Every structure is written in C-alpha cells, then in structure tokens.
Amino acid sequence: MTDTRTASARPGDSVGPGTAAPDSATPKAAGRDSAAPGTTTPTAAVPDTAAPEIAVRLFAGAAAEFGADEATVRAGTVGELVEALTAGASSEAARVIGRSSLLVDGVACTEHGRVLAPGSRVDVLPPFAGG
C-alpha cells in the first residue's frame, strides 16, 4: 500500500492544547496596516511554508486507518505534525495515530513540543499486542 498524502498545519490552527499559531503567521489585508475599529481584517488560510517538510511513515494499523503508509507534512514540532496528520483523517485514524509511538529520525519521542528539523523523518508505530 503506497499512497502519499500531504498535510499542513495552517495559520490560526491550534498547535497544542490551548495554543494557536502566532498572529504573525496570518497575513494582513493588502494595503492596510490595521483594521478600522469595529471591522475585521480579511485573512487567507495559507499553508505555513516556514515549517519544514517532514516525511512520515505509518505502519500496520496506523497505515490501514490513515489510508496510506507514507505522508508529507509541514510541521515545526511533533505536536503540529500529529495535528496535521489527524486533521483530515477519520476519527478512528486520529485515535490510532494519537495512541501510536513516534520515532523521530529513529529515536523514540514522547515530547510533542520537540522541534523538527528540515529533512527529519517521523515513523508512526501503532500499539500492538504480543511479543
């Protein structure tokens, strides 16, 4: 099963419990420095191109539920990567990915605040029984 999907955390998306992307990630309307009192400034949903592109490999049940065994995600942290993967996924895929172990460049990672470097690879290993 080789299907490659691309996901991206967007400006204004939540990047962790109680946090959101910085306002500087949301573009201002052309020709304006600020909105007039009582008005809103139009914004566009633009992929965060400043975040590095990360290769993701999903295994076993995570791949089966996600519908692909590989994906490419733009994310600056492990938490952003998990959120980007689960954002467009089914609820079952999101549940499996959320419970999975993550390897960043071959090393186990439980810290969702860990910063990802350009060229990093994240492996998603779902829970399994047996030994």
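Note down the nm distance, to one decimal, between modelled labels 7 Å out along Cα→Cβ at Thr72 and at Ala60.
2.9 nm
Mind checking the full-extension length gain between Glu53 and Ser101? Use 0.36 nm per residue of separation minus the Cα-Cα distance, one decimal, nm. Walk me through the intermediate numbers first.
Working: separation 48, 0.36 × 48 = 17.28 nm, distance 2.03 nm.
So the chain would gain 15.3 nm between Glu53 and Ser101.
Probe 1.4 Å, all protein chains in place: accessible area of Leu85 in Å², nearest 10?
Accessible area of Leu85: about 0 Å².
How do Arg121, Arg95 rank by accessible surface area computed with a 1.4 Å probe, from largest to smallest?
The ordering from most to least exposed comes out as Arg95, Arg121.
Between Val115 and Phe128, 0.36 nm times their residue separation minus their Cα-Cα distance comes to what?
My answer for the length gained is 2.0 nm.
Any idea of Glu92's accessible area? Nearest 10 Å², probe 1.4 Å.
70 Å²
The values are calculated or read from the model by the stated rules, or taken from the named source; none is laboratory data. None of these values were measured; they are calculated from a predicted model. So basically every Cβ, Gly included, is an ideal-geometry build from the backbone, and we count neighbours across all protein chains shown. Accessible surface is based on the protein model in full, side chains and every heavy atom, while ligands, DNA and RNA are left aside. Shrake-Rupley method; radii C 1.70, N 1.55, O 1.52, S 1.80 Å.
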